[in-house]
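The values are calculated or read from the model by the stated rules, or taken from the named source; none is laboratory data. This is a predicted model, so every value here is computed, not measured. Cβ coordinates were reconstructed from backbone atoms using ideal geometry, including for glycine residues, and neighbour counts include every protein chain displayed. With ligands, DNA and RNA removed, areas are computed over all heavy atoms of the protein, side chains included. Shrake-Rupley method; radii C 1.70, N 1.55, O 1.52, S 1.80 Å.
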Amino acid sequence: MMPTKEPTVSGRRRALRIAASGALVLSMPWALAACGDKGPAFKGSDITGTHLGKDWTLTDFNGQPRTLASFAGKVVVVFFGYTQCPDVCPTSLAELADVMHKLGPDADKVQVLFITVDPGRDTAEVLKQYATAFDPRFLALRGTAEETRKAAAAFKAYYAKVPGKSGAADDYTMDHTAAFYLFDTKGQARVLANHDASADDLVHDIKILLKS
């Protein structure tokens, strides 16, 4: 397995860009809805009404096809990444594991989904070992190159392969959107939070969604 490097600075700067072109960013009006008097006071950005995360199908590490509807009745937290990510992905998943711990019994009403942007290297077996190492309740999803593209487009998430210096086929890293997408129990996109949002802030928003 070739060593990988930390995502580039340019990748971090666009961590909350959620489209490769015509990008929607957190400064857009809909992203500031939480600042108004109406609606829940989320810690993250309120994306209610954006309909992000619709119309995708991926396969979990057990070989079962999944859509957002597969998790109806639960709050769903989605994060895009890849298993060879050296920093952002493991840190974010460790934080989500802390969130599940802080939620206590309510964690059973939450499903964390890790969607790989590197299906070429992230096999089902690799994803299972990786995701469940953080929390046995986590699910990781993968698809073909086209299915991955469609899923990312549904979330308006960005990802791109960055070739390594050696030029070898398996020497590359992945730039990708690093954000948490929170969906309510009816499968509606509600919150977008930066990957460095605190566990307490994520717990706060998840509890609002569990009550709504």
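For segment 117-129, taking the residues that are touching a residue at least 24 places away in the same chain (Cβ under 8 Å) and under 25 Å from K102 (Cβ atoms), the one that is farthest from the chain's Cα centre (by Cα) is identified as K128.
Which condition number in (1) open to solvent by less than 40 Å² (accessible area, probe 1.4 Å); (2) farther than 21 Å from Q64 by Cβ; (3) among the hydrophobic types (A, V, I, L, M, F, W, C); (4) without any contact (Cβ under 8 Å) to a residue 40 or more places away in the chain is the one that F114 fails? With (1) open to solvent by less than 40 Å² (accessible area, probe 1.4 Å); (2) farther than 21 Å from Q64 by Cβ; (3) among the hydrophobic types (A, V, I, L, M, F, W, C); (4) without any contact (Cβ under 8 Å) to a residue 40 or more places away in the chain applied to F114, the lone miss is (2). For beta carbons closer than 8 Å, sequence separation of 6+ or different chains, a first residue in segment 45-59 that is under 11 Å from L192 (Cα atoms) and of a type in the set (D, E, K, R) and a second that is part of a loop (DSSP other than H, G, I, E, B) and modelled with pLDDT under 95, the qualifying pairs are D46/G39; D46/P40. Among the residues making up segment 54-73, those that are under 25 Å from E125 (Cα atoms) and not in a helix (DSSP H, G or I) are W56, T57, L58, T59, D60, F61, N62, G63, Q64, P65, R66, T67.
When segment 130-165 is filtered for residues that are in contact (Cβ under 8 Å) with a residue 60 or more places away in the chain and either out of contact with any Phe, Trp or Tyr (no Cβ under 9 Å at 6 or more places or on another chain) or of a type outside the set (G, A, S) (or both), the ones remaining, listed by number, are L139, L141, R142, E147, T148, K150, F155, K156, Y158, Y159, A160, V162. Selection of first residues in segment 191-203 that are in contact (Cβ under 8 Å) with a residue 40 or more places away in the chain and among the polar types (S, T, N, Q) and of second residues that are surrounded by 21 or more Cβ atoms within 10 Å (Cβ to Cβ) and in a strand (DSSP E or B), restricted to Cβ pairs under 7 Å at least 6 apart or on distinct chains, gives the following pairs, ordered by first then second residue: N194/A179.
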